[in-house]
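Beneath this line is the structure, given in structure tokens, with notes to follow.
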Amino acid sequence: MNAFLLYLVLLKATCTSFSGMASLPVLRNDLVEHYHLLTDEQLTRAIAAGRTGPGPIGLYIVCAGYLAGGIPGAAAGLAAMNTPAFFIILLLKWLGVRAERPAVQRTIRSSLLAAAGLLIATSVRLAESAVTSPLEAGISAAAFGLLAFTAVDSVWIMAGAAAVGVAARLLQP
Amino acid sequence: MNLHELARVYLRIGNTTFGGGDATIAALQREFVNKRRMLTDEQFGLLNGLSRITPGTNMIAFIAGSAWMFGGWRASLAAVGVVTAPTAALAVLITDAYETWSANAYAGGAIAAMTAAAVGMMFAAALLLVKSQWRRSRALRAAVLVTGSFLLSWKTPLSAVQTLVIAALAGYIWPEPEAE
């Protein structure tokens, strides 16, 4: 797939979501199930890589683009991540007060809630390939708890997981 | 403030603030509302609200919108570029390292553990999305939308986009009870 087509595929995911990770179900639909450009394992690694450094949560799109199409794919991912942001200028110019309309607000709230349901379904599917041992299940549960209920930054969660992973290999007979 | 100076502020805040979008928006609020007084509280509120209804990543939308208010399209493009390009380059390097080192036993162990952590963080992201929209008076509505979209994805061949469109239509038609 050429970089422009990949950009359009990734753009479809970013344009149909209202927060960083909410684009994941659409992205998996297209890259894993439809075009077979990535496996579930690669997509999960892209998410892990995106959360390892600073930057927005949606950064995993760049990593997924890179795995699907090299440097041009990463550029397509960056462009797809950034493009929808400029819609805010149209909103500032023309929508203004209308953005506060109850019908607009509740439509967006519904999309966000549906995105959460889709994200749970996608996470279950990805967990089937990424969580294959009791240790990985424990790490996954700990990461969930730390991110959902504490203010620990995701970079520290990733660093802790890496340390546990290395320690487990060192202790392996 | 000229374009060069503006880009430097966005570059500094966007690439050194860990903690995701909300932390970066809070840092930009401190810089532009409290310290430099380039935005009023009302303008910040409008930008923050609109960034949440702009498709894609909220933080990038906030940056695009705030920079546009300061210096038009050029400032907006520059600010988004200086915030996302360096972090994207770093993310590519990290992805490459994951792929290269996964064959090494110890690095492979670290990567497998980080991948498992990423799965846990995805479930947390879903929970935080629900929490951000949760109101007691709208609990039934939230439960129906979350469970319904999960089941549509799990049990039917509908694509994620089709499910989102159905949810958006349902949300438009289904009036919300008054907030408590």
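When the range B:24-48 is limited to residues that are loosely packed, with under 15 Cβ neighbours inside 10 Å and within 14 Å of chain A (Cβ to nearest Cβ), the one that is modelled with the highest pLDDT turns out to be B:26. Please verify whether residue B:124 is buried (at least 18 other Cβ atoms within 10 Å of the Cβ), assigned to a helix (DSSP H, G or I) and either out of contact with any strand residue (DSSP E or B) (no Cβ under 7 Å at 6 or more places or on another chain) or at pLDDT below 90 (or both), treating the condition exactly as stated. Against the criterion (buried (at least 18 other Cβ atoms within 10 Å of the Cβ), assigned to a helix (DSSP H, G or I) and either out of contact with any strand residue (DSSP E or B) (no Cβ under 7 Å at 6 or more places or on another chain) or at pLDDT below 90 (or both)), residue B:124 qualifies.
Tally time: how many residues in the range B:51-76 are facing chain A (nearest Cβ under 8 Å) and assigned to a helix (DSSP H, G or I)? Residues flagged as facing chain A (nearest Cβ under 8 Å) and assigned to a helix (DSSP H, G or I) within the range B:51-76 amount to 14. Selection of the range B:130-171 for residues being closer than 20 Å to residue A:13 by Cβ and among the aromatic types (Phe, Trp, Tyr) yields B:150, B:154.
When residue A:136 is tested against (1) touching a helix residue (DSSP H, G or I) at 6+ places or on another chain (Cβ under 7 Å); (2) in a helix (DSSP H, G or I); (3) more than 7 Å from chain B (Cβ to nearest Cβ); (4) without any contact (Cβ under 8 Å) to a residue 40 or more places away in the chain, only condition (3) is not met. Is it the case that residue A:25 is facing chain B (nearest Cβ under 7 Å) and either crowded, with 24+ Cβ neighbours inside 10 Å or over 26 Å from residue B:138 (Cβ atoms) (or both)? Yes: the conditions hold for residue A:25.
Matching residues to (1) outside any helix (DSSP H, G or I); (2) in contact with an Asp or Glu (Cβ under 8 Å, 6 or more places away or on another chain); (3) over 28 Å from residue B:76 (Cβ atoms); (4) at the interface with another protein chain (Cβ under 7 Å from one of its Cβ atoms):
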site	(1), (2), (3), (4)
A:86	no, no, no, yes
A:90	no, no, no, no
A:93	no, no, no, no
A:106	no, yes, yes, yes
A:121	no, no, yes, yes
A:141	no, no, yes, yes
A:158	no, no, yes, yes
A:165	no, no, yes, yes
A:169	no, no, yes, yes
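The values are calculated or read from the model by the stated rules, or taken from the named source; none is laboratory data. All of these numbers come straight from a predicted model, not from anything done at the bench. Quick reminder, even Gly has a Cβ in these numbers, built from the backbone with ideal geometry, and neighbours come from all protein chains shown.
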